[in-house]
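Peer 1: Below you will find the structure I want to go over with you.
The values are calculated or read from the model by the stated rules, or taken from the named source; none is laboratory data. All figures in this text were calculated on a predicted structure; none of them were measured in a lab. Glycine also receives a Cβ, built like all others from the backbone with ideal geometry; neighbour counts cover every protein chain displayed.
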Amino acid sequence: MTGGESPGVDRRSQSRERIEHLLEERRQLLSLLLQLSYRKPDPPSPELLDEFCQLLVDYIAAGHFGLFQRIVERQERRRKVLDLALEVYPRIEESTRVVLDFNEKYDPEKPRVLDSIYSELSRLGEALTSRMVFEDQLISRMLDGRGAAGS
């Protein structure tokens, strides 16, 4: 912190950086998801699937350890943000389970059976879409200057 910055300004700046990182990870993830989906009916290349799985894990981590960390650690003081987080976080966690199941099934360190990859990608896409809607609601609330403490 420098000069006359308050801790609140620094936290908001860090939150914005985390949100920007999450959104960049999301953009890359969606791009790879489209690339994988366009290969149907041919199986995706192992390299593309590996890259996708890694980015998928990175994206989930960016949300959990960046965007949601303050909430989980009970450092978020804005009531409106907390109320929404309590509502959407369980739904976001549901999508995390789908992501982890997908990643486990297509882990590059394990033998892969790709016979159901496209139905799995479809299920994953639906879970990610739902997750992104909830993340966007939370991001909007976090960036809303009216979500002040106690309000």
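Peer 1: Any idea how many residues of region 38-55 are in contact (Cβ under 8 Å) with a residue 60 or more places away in the chain and either in contact with a strand residue (DSSP E or B) (Cβ under 8 Å, 6 or more places away or on another chain) or under 22 Å from GLU109 (Cα atoms) (or both)?
Peer 2: Summing the residues that are in contact (Cβ under 8 Å) with a residue 60 or more places away in the chain and either in contact with a strand residue (DSSP E or B) (Cβ under 8 Å, 6 or more places away or on another chain) or under 22 Å from GLU109 (Cα atoms) (or both) in region 38-55 gives 4.
Peer 1: Identify, please: which residue in region 83-106 is within 27 Å of ARG70 (Cα to Cα) and of a type in the set (Lys, Arg) and is, among those, modelled with the lowest pLDDT?
Peer 2: Per the stated criteria, the residue is ARG91.
Peer 1: For the condition touching a residue at least 24 places away in the same chain (Cβ under 8 Å), polar (S, T, N, Q) and more than 18 Å from GLN69 (Cβ to Cβ), what is the one hit in SER119, SER130?
Peer 2: After applying the criteria, what remains is SER130.
Peer 1: Let me ask you something else. Run GLU120 past the list (1) under 13 Å from CYS53 (Cα atoms); (2) not in a helix (DSSP H, G or I) and report the number of the one that doesn't hold.
Peer 2: Only one criterion in (1) under 13 Å from CYS53 (Cα atoms); (2) not in a helix (DSSP H, G or I) is unmet by GLU120, namely (2).
Peer 1: Moving on. For the subset of region 1-36 comprising residues that are at pLDDT below 90 and of a type in the set (Gly, Ala, Ser), which member is surrounded by the most Cβ atoms within 10 Å (Cβ to Cβ)?
Peer 2: SER15
Peer 1: Would you please name the residue that is nearest to the chain's Cα centre (by Cα), looking only at residues in region 34-83 that are among the aliphatic types (A, V, I, L, M) and within 19 Å of SER13 (Cβ to Cβ)?
Peer 2: Across region 34-83, the extreme among qualifying residues is ALA62.
Peer 1: A follow-up question, please. Sort out which residues of region 107-119 are in contact with an Asp or Glu (Cβ under 9 Å, 6 or more places away or on another chain) and either modelled with pLDDT of 95 or more or surrounded by fewer than 13 Cβ atoms within 10 Å (Cβ to Cβ) (or both), and write them in order of number.
Peer 2: Passing the criteria: only LYS110.
Peer 1: Out of (1) part of a helix (DSSP H, G or I); (2) modelled with pLDDT under 90, the odd one out for LYS40 is which?
Peer 2: Condition not satisfied by LYS40: (1).
Peer 1: Sticking with this structure for a sec: Being more than 30 Å from PRO111 (Cα to Cα), among the basic types (Lys, Arg) and in a loop (DSSP other than H, G, I, E, B) narrows it down to one of ARG74, ARG70, so name that one. Break it down into steps so the answer makes sense when it comes.
Peer 2: Working: ARG70 fails: in a loop (DSSP other than H, G, I, E, B).
Unique residue meeting the criteria: ARG74.
Peer 1: If you don't mind, another one. Could you please find all residues in region 69-87 being buried (at least 19 other Cβ atoms within 10 Å of the Cβ) and β-branched (Val, Ile, Thr)?
Peer 2: VAL81
Peer 1: Go through (1) part of a helix (DSSP H, G or I); (2) over 17 Å from ARG123 (Cβ atoms); (3) touching a residue at least 24 places away in the same chain (Cβ under 8 Å) one by one and return the number of the condition PHE102 breaks.
Peer 2: Unmet condition: (2).
Peer 1: Mind listing just one residue for me: the one in region 43-67 that is outside any helix (DSSP H, G or I) and not hydroxyl-bearing (Ser, Thr, Tyr) and, of those, surrounded by the fewest Cβ atoms within 10 Å (Cβ to Cβ)?
Peer 2: Restricting to residues being outside any helix (DSSP H, G or I) and not hydroxyl-bearing (Ser, Thr, Tyr), the top hit is PRO43.
Peer 1: Restricting attention to region 43-78, and to residues there that are of a type in the set (D, E, K, R) and at pLDDT below 90, which single residue is nearest to GLU126 (Cα to Cα)?
Peer 2: My answer is ARG70.
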